[in-house]
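Here's the structure, in structure tokens; my notes come after.
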Amino acid sequence: MSVMQFRTVDSPVGPLTLAGKDHRLMHLVMLDQSNDPSRGGWQRGDDAFSGAVEQLEGYFEASAKSSTSSLIWSEHASSAGSGKRC
């Protein structure tokens, strides 16, 4: 019988706990999430789910860049409408 491994990583939305068996991600748990799964028998695996962690980091990095780009575009558009030169 395989063991449920878990790993907790920091993210812009707070700590995320990834858990699963046999290298298969089965849970992505957020802080104060309703319907929190039972963690009985889970074993910490600080290197577990490295691929999923890389994907989450890429997602949050792209999301942050997109937010910054939107903010810059919004500022540019409002200054252009007011007659200011950029």
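Could you grab me the full set of residues in segment 39-60 that are of a type in the set (Gly, Ala, Ser) and closer than 15 Å to Gln5 by Cβ? Before you say what the answer is, go through the steps one by one.
Taking segment 39-60 as the starting set, the residues that turn out to be of a type in the set (Gly, Ala, Ser) are 40-41, 45, 48, 50-52, 58.
Passing the criteria: Gly40, Gly41, Gly45, Ala48, Ser50, Gly51, Ala52.
Go through segment 6-39 and count every residue that is outside any loop (DSSP other than H, G, I, E, B) and over 26 Å from Glu61 (Cα atoms).
1
Across segment 1-25, what is the number of residues that are closer than 18 Å to Pro37 by Cα and in contact with a strand residue (DSSP E or B) (Cβ under 8 Å, 6 or more places away or on another chain)?
The number of residues fulfilling the criteria is 17.
Please find, among Ser50, Ser69, the residue that is of a type in the set (Ser, Thr, Tyr), at pLDDT below 85 and closer than 20 Å to Pro12 by Cβ. Break it down stepwise before answering.
Numbers: Ser50 fails: at pLDDT below 85.
Answer to the selection: Ser69.
The values are calculated or read from the model by the stated rules, or taken from the named source; none is laboratory data. Computed from a predicted model, the values in this text were never measured in an experiment. Glycine also receives a Cβ, built like all others from the backbone with ideal geometry; neighbour counts cover every protein chain displayed.
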